[in-house]
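See below for the structure under consideration.
The values are calculated or read from the model by the stated rules, or taken from the named source; none is laboratory data. Keep in mind that this is a model prediction, so the values were computed, not measured. Glycine gets a Cβ as well: all are built from the backbone with ideal geometry, and neighbour counts include every protein chain shown.
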Amino acid sequence: MPNKNEAPALTDAGPNLWVKNYADYLYSYACTRIDDNELARDLVQETFLAALEGWEKFDKRSSEKTWLTAILKNKVFDVYRKKSNTSQNQTVSMNGSDTDEFFEESGHWKEGRYPEAFGIEDMALENKEFDSILKACLKKLPPLWKSVFTLKHIDEESSDDICAKLGLTSSNFWVISHRAKVSMRDCLQRNWI
Amino acid sequence: MENLSDQEKADMLDNCKKATFLIEKQQTGKIALQERLELEYHLSICEMCNTFMKQSLVINQFVKKLFHPGKSELKLDDGFKEQLQKQIDAKLDKPSDED
């Protein structure tokens, strides 16, 4: 047997054992990405049902787990797309005349919005309190921003893929990424210090 | 190495908005040479944007770690799992009649 680094696979045992082997994993995957546990549950169910339909065509080039995750991922994208369609008005342009929450017209930080060191810069990546503030701040982002942020940082999708999947132009994508980051950072500063 | 003109420097002097935009783009994508020069110039004179840049990286790292699926301990409730298993069993017992 080849010596693999991966943990010994839950050998691909077929649909009978899907719930036992993958339900929790898929549920966690969905929850971290859509922030609505009930919807996440439904997506897991839909994933299993869709997988059953496609089971005979599954070519087993990947593991069951990878295959099921890919099906779920597409369903998560559908959720993102729906959310962003209902929030098109949240896209903002870089040079929009709308008043900017964070920057003066010159581009300088507004007073009261100045970034200050908050002591996490050199912190070990282990801090439960900071984690929970981060989560809370992420929840406050408008849906489309949150989708973009999540895809970028959690799934590390390429920006081209994200644009294609969410129907964004590249420039809008970067404007949203920027705004989302500025908002997140500001929220952390307000709640952490 | 090319340098920025005085006008280009003046444009970047107070432009924290553009600098932070370029920081985001640099940390998760690519920026052009001209943009890199503009950013470097701004960072050489703006303490706040240096702070922003460090914090932005930290946020990226924390977020990635926080949501790594392997770390997650969420469990689907047993009742729902049972119900799912029943659904699957029922489907398996009754092959689709597409064939």
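At-a-glance table
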item	result
Positions within region A:32-55 being under 17 Å from B:D78 (Cα atoms) and at the interface with chain B (Cβ under 7 Å from one of its Cβ atoms), in sequence order	A:R41, A:V44, A:Q45, A:F48
All helices (runs of 4 or more DSSP H) inside region B:15-99 with 3 or more residues being at pLDDT below 95 and more than 25 Å from A:G119 (Cα to Cα)	B:78-93
Positions within region A:21-36 being at pLDDT below 90 and surrounded by fewer than 19 Cβ atoms within 10 Å (Cβ to Cβ), in sequence order	A:D35, A:D36
Test: residue in region B:25-43 that is crowded, with 20+ Cβ neighbours inside 10 Å and within 7 Å of another protein chain (Cβ to nearest Cβ)	no
Qualifying positions in region A:177-193 - hydrophobic (A, V, I, L, M, F, W, C) and in contact with a Ser or Thr (Cβ under 7 Å, 6 or more places away or on another chain)	A:V182
Filter result (modelled with pLDDT of 80 or more, part of a loop (DSSP other than H, G, I, E, B) and within 15 Å of A:S183 (Cα to Cα)) within region A:78-110	A:D100, A:E101, A:F102, A:K110
Region A:177-191 residues that are free of Cβ contacts under 8 Å to residues at least 60 places away in the same chain and at positive phi, paired with ones that are surrounded by fewer than 21 Cβ atoms within 10 Å (Cβ to Cβ) and of a type in the set (D, E) (beta carbon under 9 Å, 6 or more apart)	none
Residue match in region B:2-13 (condition: touching a Cys at 6+ places or on another chain (Cβ under 9 Å), surrounded by 13 or more Cβ atoms within 10 Å (Cβ to Cβ) and either at pLDDT 95 or above or of a type in the set (D, E, K, R) (or both))	no
Some residue of region A:163-174 being facing chain B (nearest Cβ under 8 Å) and either crowded, with 16+ Cβ neighbours inside 10 Å or outside any helix (DSSP H, G or I) (or both)	yes
